[in-house]
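These notes are about the structure you will find just below.
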Amino acid sequence: MRVLLLSRYGRLGASSRVRSFQYLPFLELKGWQVDVRPLFSDNYVRSLYNGKSRGLEVLAGYCRRLKDLVHAGQYDLIWIEKEAFPFMPALAEWLLAKVGVPYVVDYDDALFHRYDSHRRWLIRSILGRKIGSVMRHAALVIAGNEYLAEYARAVGAKCVEIVPTVVDLTRYEIVHSDSNHPLVVGWIGSPSTSHYLAVIAPVIESLSKEFDVRFVAVGASEESVCDLPMEAKPWSEETEIQSIRGFDIGIMPLVDDPWERGKCGYKLIQYMACGVPVVASPVGVNKDIVEPGGNGYLAQDLHDWAQALRRLMSDKELRQRLGDNGRQQVEARYSLQVQAHRLEKLMRSVLR
């Protein structure tokens, strides 16, 4: 079984790493031969986070992608992350469907809003319905949550399945801290998402004075948290789990806008996999992942955030109980060990 995986990024891109790459060893054990062809290299991702020019990287990526698509007919299935060519019409996907090469397309965010809500009228006019076209021509649309699946069904996708973003349980283990002080309230993400921390800035400032606590942002730049009593720590694939194990509480603040409703709550699942209780904004899939009083709390406003964090900071037994519950939830639904079999079955069902 030959599959061409047209991922968005290499291993530095979180979406590619968790939505496709982590499934590859399992698929290979099942007899699948998967050729991985990222659109953008790790150098592109580094330039993106560092604010450097990426024009040449984009051009090189598009040329590579075009070359890869020329050979698409040699494969039984094409596995596309989001779209073949960003900010281009869905011609490649249309051609694949026209010549009878089935493709599966995967979404872990509301990419369609990048086009239909773009500030430029020309982009909205030309590409506003692009993702709908990509979804309609796909043999299978894999959505990371119900918000994305609902959009796919509304635009006429033939087959839509929800596969949540998951973690590999063999890499995650619960390590309860023996130390009571200082507490660590942690967040993990990237420089491009660290602006969400500003949503709860007053709470961070207040609680840092009230408790013996450290607020830590893994993956944020120093500049993005310079106005907060918060420590920025570098992210790497090798150290991210160790960093999360050092958290006593994991947080995921968001604003309630269309783009955010399409997020898949991956950081919540990472926290829970390490037995860390969570506090999150009740936006999108967060409302499905977080069970208030079960594995954490949902916080609608600053008062809710302060109340939830105070409750957890003040009660070690509560943190441990909610953390253990969260781990059980991940084992039952949000693990690679559960979802890999299902993904393989879904993809096999659309092979030509």
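The values are calculated or read from the model by the stated rules, or taken from the named source; none is laboratory data. Every value quoted in this text rests on a predicted model; they were computed, and no experiment measured them. Using ideal geometry, Cβ is built from the backbone for each residue, glycine included, and neighbour counts are taken over all protein chains shown.
Tabulated data for the structure shown
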quantity: Which numbered condition Ile251 fails, given (1) β-branched (Val, Ile, Thr); (2) in contact with a strand residue (DSSP E or B) (Cβ under 7 Å, 6 or more places away or on another chain); (3) assigned to a helix (DSSP H, G or I); calculated: (3)
quantity: Matching strands (runs of 3 or more DSSP E) fully within the range 8-112 where at least 1 residues are closer than 22 Å to Ser133 by Cα; calculated: 77-81, 103-107
quantity: Test: residue in the range 238-245 that is assigned by TED's automatic domain parsing to the domain that holds Gln328, under 26 Å from Tyr147 (Cβ atoms) and crowded, with 20+ Cβ neighbours inside 10 Å; calculated: yes
quantity: Residue within the range 270-279 that is in contact with a His (Cβ under 7 Å, 6 or more places away or on another chain) and on the phi > 0 side of the Ramachandran plot present; calculated: yes
quantity: Test result for Gln300, closer than 23 Å to Gly262 by Cβ, at pLDDT 95 or above, of a type in the set (S, T, N, Q) and not in a loop (DSSP other than H, G, I, E, B); calculated: no
quantity: Complete set of residues in the range 223-233 that are loosely packed, with under 11 Cβ neighbours inside 10 Å and either touching a helix residue (DSSP H, G or I) at 6+ places or on another chain (Cβ under 7 Å) or assigned to a loop (DSSP other than H, G, I, E, B) (or both); calculated: Cys226
quantity: Criterion violated by Ala308 - all others in (1) surrounded by 20 or more Cβ atoms within 10 Å (Cβ to Cβ); (2) small (Gly, Ala, Ser); (3) part of a loop (DSSP other than H, G, I, E, B) satisfied; calculated: (3)
quantity: Meets criteria (surrounded by fewer than 18 Cβ atoms within 10 Å (Cβ to Cβ), within 15 Å of Leu5 (Cβ to Cβ) and in contact with a strand residue (DSSP E or B) (Cβ under 7 Å, 6 or more places away or on another chain)) for Asp76; calculated: yes
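Rundown of residues vs (1) crowded, with 18+ Cβ neighbours inside 10 Å; (2) touching a Ser or Thr at 6+ places or on another chain (Cβ under 8 Å); (3) not small (Gly, Ala, Ser), yes/no style:
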site: Arg64; (1), (2), (3): no, no, yes
site: Trp94; (1), (2), (3): no, yes, yes
site: Leu111; (1), (2), (3): yes, no, yes
site: His118; (1), (2), (3): no, no, yes
site: His137; (1), (2), (3): yes, no, yes
site: Asn145; (1), (2), (3): yes, no, yes
